[in-house]
Each structure stands twice: as structure tokens, then as C-alpha cells.
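The values are calculated or read from the model by the stated rules, or taken from the named source; none is laboratory data. As the structure is a prediction and not an experimental result, all values here were calculated from the model. Using ideal geometry, Cβ is built from the backbone for each residue, glycine included, and neighbour counts are taken over all protein chains shown. Side chains are part of the model used for accessible areas, which takes the heavy atoms of the whole protein and leaves out ligands, DNA and RNA. Shrake-Rupley method; radii C 1.70, N 1.55, O 1.52, S 1.80 Å.
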Amino acid sequence: MAITDDVLVIGGGLAGVTAALAASDAAEDARIRLVTYRQSTLRHASGLIDVLGYAPGNTDDQQQPIADPFTALESLPESHPYQRVGVDAVREALAFFDEVAGDAYAGAHTDRNALVPTHGGTVKPTARYPVSTAEGVASDDRDTLLVGFETLPDFDAPLAAAHLEAAGAPFDARGVTLSFPGIGRDDAKVTRYAHLLDHDERVETLTGETGAREALAATVNPHLDGESRVGFPAILGDDHPAAVREALSDTLGADVFEVPMGPPSLPGLRLEELLYDALESAGVRVTSGVPVVDYETVAVDSMGANSTAGESETAAIDHVVVDRNGAQIPHEADQYVLATGGLVGKGIESNRKRVTEPLFDCYVPHATDRYDWFVDDVFGEQPYARFGVVPDEDLRPLNSDDDPEFSNLRAAGAVLGGYDYAAEKSGAGVSLATGYVAGTRAGEGCQ
Ligand SMILES: Cc1cc2nc3c(=O)[nH]c(=O)nc-3n(C[C@H](O)[C@H](O)[C@H](O)COP(=O)(O)OP(=O)(O)OC[C@H]3O[C@@H](n4cnc5c(N)ncnc54)[C@H](O)[C@@H]3O)c2cc1C
């Protein structure tokens, strides 16, 4: 017996979750399901929502970050996903995200990118950022103390401070490396730091046992030299980040902010939690830990109805097959969204001969010779970074004849080609905008 829904979203990353929420918003009574296999890149990503930080194709490392991404969107190449959905849809998707994220995120007050310091000491142009990072934005000229920990070598605070100064930040930055009270091992997970602070666990200090928050503030205090803000690696609590920052700020007498780190990323984990809570509140059914492994099609006429012999026809996805520990379970829906990620999420795969979209075998344009898939200059414009399916304006993947592969399949996020999110700093923005459009259209399509 097939499990029946109206919209089925495949992939639980930012694009898939946004598509499922948008479908549920567009079709309130519809049954929306999201099926996802492994962890998405959400928990590896910084938690920042980048719309467009740098113009595509410009590999000059002196390139200035884009101040206003919206003005830059119009001049993107025709093949870019933002061109498919249009600037208005990008705005609508961000407004949709602002509604879902509520006061956990900042940046909606302006069209301009904020410059957020990251753990390498670079500043990142981003459109939406967790409130935990807000006091650290680089356009603010208050002097800054960065605090790193011996047991957390991923964040070298003195080096990051020097990089910020070298990059011309409009403030003085200093960095210190201290020991984190209650943590002696350098293989402790970031969640361990967060847990200690969330629960204000008792820790041993030179002056006896005290709460972790007070102990941390006491460790940092002697190093303050008039700075009015203090930056920490993004480990300041998981369940109660605002309370942890407030407690530290009260004791230090300075504003406190987080510096986004590489994977595993607590701001990424918090964003994932926030999004999955929103799915639950919206009544979206989530089936996780299982892959979609196959599908069946049905011929439909131009109106999408099952076609009878001789009528002009295209294919529609009739149902997909989910593999649950060897049991093949059919899932059928009216509309489908493919949000399985790119080369990282395994939504796009390659071997020595071909680059493929492994689930529906949608067309992925690429050179026949694999030596043309990359250029020797590592920081050059890498063709492989743009590999992905090519959508129409309805975000339906097109075949090599420019016809929709399937009448009821749309694609969103990193499975789409035509952009290099790492170079452009556009990953989450494209996932939000295309997830929003694909989900809305799928929701509208099932009514
Ligand atoms: C390390 C890292 C850091 C990043 N940092 C930033 C950043 O700072 N700012 C920014 O804007 N963007 C960043 N990005 C990019 C970005 O956030 C996302 O990668 C991008 O948004 C893609 O999201 P997605 O939902 O399309 O795919 P993914 O997040 O890759 O999710 C795809 C999901 O689909 C599932 N899936 C795949 N195949 C199947 C199947 N057959 N059946 C069921 N499920 C399946 C996968 O298991 C996965 O859960 C970063 C990415 C990475 C990897």
C-alpha cells in the first residue's frame, strides 16, 4: 500500500525544509511530507544566510564584497537560479524566512549585506545572521576583544584579531587565548561547552566551585582593556544561548557575541532545530533516516491528467520508493520537490565518466572530458562547482531538449546548477529562494 500525500519533498536541508514549509503555507489543507536520508549541510554550515556576497566569475582575491545583493541579482548570468526565480521571489523568500526565524535572526532591517567576522578573521557579507553574532558586525566601530580557548584550536583569537585589523576593520581588535573553566581535553565537542553554559554547571576554579558562566566571565574579565564588546567562538549555549550571553555580558559589562565556526556548527544546529520545529508546527510529516531509491512514472497529457493512447504526453512521477531497512515502501503524491543537495549532499554524483543526478537521472550538463571539469588554479572558476540540474522558470528540471523531465517534479537548492555558492557566498540564499518557489508552486499545483 502506497503512503499518500499531496506534496512530497525529498531532502531535509535548508532547501527541502523551506519547500515543505512553503507548500504547507500555499495549500493549508494539503498533506505535505518531507523524506530525508542523512544529516544535511545545515549542521555543518555557519548558520549565516548568504544571499550574494561576491559577483560570480570574478576570482580576484582582492574583490570587494557586494554591499547590496539585490542590485547585483539583476546582472547575474541567465543560467543562475536567482534569474530563474526573479528578485521579487528572493525578497519573498527572505520575508518568509524572517517569519519562520522570528527574533532568532537579524538583518531584515536593510537590503544591505552585513559584514560578520568569522573564525578565520575574515568578514563575511551576509543577509541574515543569528542574533548571537549581531554585536560583532564589522560595520560597528567599537573596539573588540576576541577570546579563544587552548582546548578549541579551531579559533585562534589573536590571529583572527590580527586578520581583522589587516582587513581594515574600523575598530581595534585584540585576541587572547585562555583556558575554558571545566574543560581540560582538546577533543571535547562544541556541544559540551554549550551544555556546561546552558546548565551553568558547577566547575572547579582557583577560588573554589562556581557556576560555569560566572567562572568563564571571571577568566575573561582581567583581560578586558576598555573594550565594549567581547567575541567568543560559537559555543555559547544550545538550549539557552540568549541567557548565556546575557549572563556573561552582565558580569563583563560588555556586549557579548559569537563568531561562527566551521563544522560542527552550533548556529547551524540551532537553525536546523528551529526549522524542524517549524515543520512540526506546520503539520508537515517528516520521514527521516531513509533514502528515496527509485520511482515510477505515468504518462500524462498537457493538463497533467493521465493520458490515453495517442494523446501528446509527458511523464509525471507517479510514486517514489523509499528503502526502509530493505523494505521498499511506495510513497505517492501529486507534486514532488527534489532537494537532495549538491556534490556534498549527494544530490549530484560523479564518476570518471559522468556527472549525474542519481535519483531521477535528470539531465546535468557537463563536459565529456573530465579534465574539463576543473581548472588548475584552485581558486579559479571551477566548472564542477556549477554542476547541477537546469530548471525552467517553474523550477522543473529540463532534459537536454529543454523540456521538463517530469511535469510534477521541481528542484531546489544545491541540486540546481548554474552557481558556485562557495565563491559567491550565496548557498543559503539560493536554497531559501528556490525552496520557497518550488514549495509554493507544488502547493498550488496540488489544489
Ligand atoms: C561546510 C559548509 C558550510 C557552508 N556555509 C555556508 C554559509 O556560511 N552560508 C551559506 O549561505 N551557505 C553555506 N553553505 C551552503 C548551504 O548552506 C547549503 O549547502 C545549501 O544551502 C544546500 O542546501 P540543500 O538543502 O540544497 O542541501 P543539503 O543541505 O545538502 O541537504 C540535502 C539533503 O538531502 C538528503 N538526500 C540526498 N539524497 C537523498 C535521497 N535519495 N533520499 C532522501 N534524502 C536524500 C541528504 O541526506 C541531505 O539531508 C555551506 C555548506 C557547507 C557544506
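The alpha-carbon of residue 124 sits under 27 angstrom from the alpha-carbons of these lysines, leaving out residues fewer than 8 places away in its chain: 189, 346, 425.
Which sequence of 122, 133, 191 reflects their accessible areas, 1.4 Å probe, from the largest down? Could the numbers behind the result be given before it?
Details: 122 80, 133 0, 191 60 Å².
Largest accessible area first, the list is 122, 191, 133.
In the chain, excluding the sites themselves, the longest stretch lacking any of the trypsin sites (Lys or Arg not before Pro) that are in a DSSP loop with at most 14 other Cβ atoms within 10 Å is 190-351. The mean sequence separation of alpha-carbon pairs under 8 Å and at least six residues apart, normalised by the residue count of the chain, gives a relative contact order of 26 percent. Approximating the spin labels as points 7 Å out from Cα along Cα→Cβ, the residue 286-to-residue 403 distance works out to 3.9 nm. For the chain, the longest principal axis of the C-alpha atoms and the axis of helix 266-281 are separated by about 50°.
Calculated [222 nm] ellipticity per residue, helices only, for the chain: -8000 deg cm²/dmol; basis is -39500 (n - 2.57) per DSSP H run with n ≥ 4, divided by all residues, nearest 500.
Working from Cα pairs under 8 Å separated by at least six residues, relative contact order for segment 119-259 is 28 percent. GNM, the chain, Cα, under 10 Å: largest mean-square fluctuation among 224, 279, 269? In this elastic network of the chain, the residue with the biggest mean-square fluctuation among 224, 279, 269 is 224.
Counting Lys and Arg as +1 and Asp and Glu as -1, each charge on the Cβ, what is the dipole of segment 131-271 about the Cα centre in debye, to the nearest 20?
Numbers: 10 positive and 25 negative charges, 48 e Å.
Roughly 240 debye, rounded to the nearest 20.
Sequentially through segment 23-37, phi angles give Karplus couplings (6.51, -1.76, 1.60; θ = phi - 60°) of 5, 5, 6, 7, 9, 4, 8, 6, 8, 10, 10, 10, 10, 9, 9 Hz, Gly and Pro residues having no value and appearing as x. Computed from point charges on the beta carbon alone (+1 for Lys and Arg, -1 for Asp and Glu), the dipole magnitude for the chain about its Cα centre is near 860 Debye. Checking every one of the GluC sites (Glu not before Pro) in segment 76-132 against DSSP loop status and a limit of 14 other Cβ atoms within 10 Å picks out 78.
Among 281, 265, 407, the largest mean-square fluctuation in a Gaussian network model of the chain (Cα springs under 10 Å) belongs to 281.
Given R0 = 22 Å, the distance between the Cβ atoms of residue 344 and residue 122 translates into a calculated FRET efficiency of 0.60.
Compute the length gained on full extension between residue 199 and residue 143: take 0.36 nm times their separation in residues and subtract their Cα-Cα distance, giving the result in nm to one decimal. Display every interim value, and only then the final one.
Details: separation 56, 0.36 × 56 = 20.16 nm, distance 3.02 nm.
Roughly 17.1 nm would be gained on extension.
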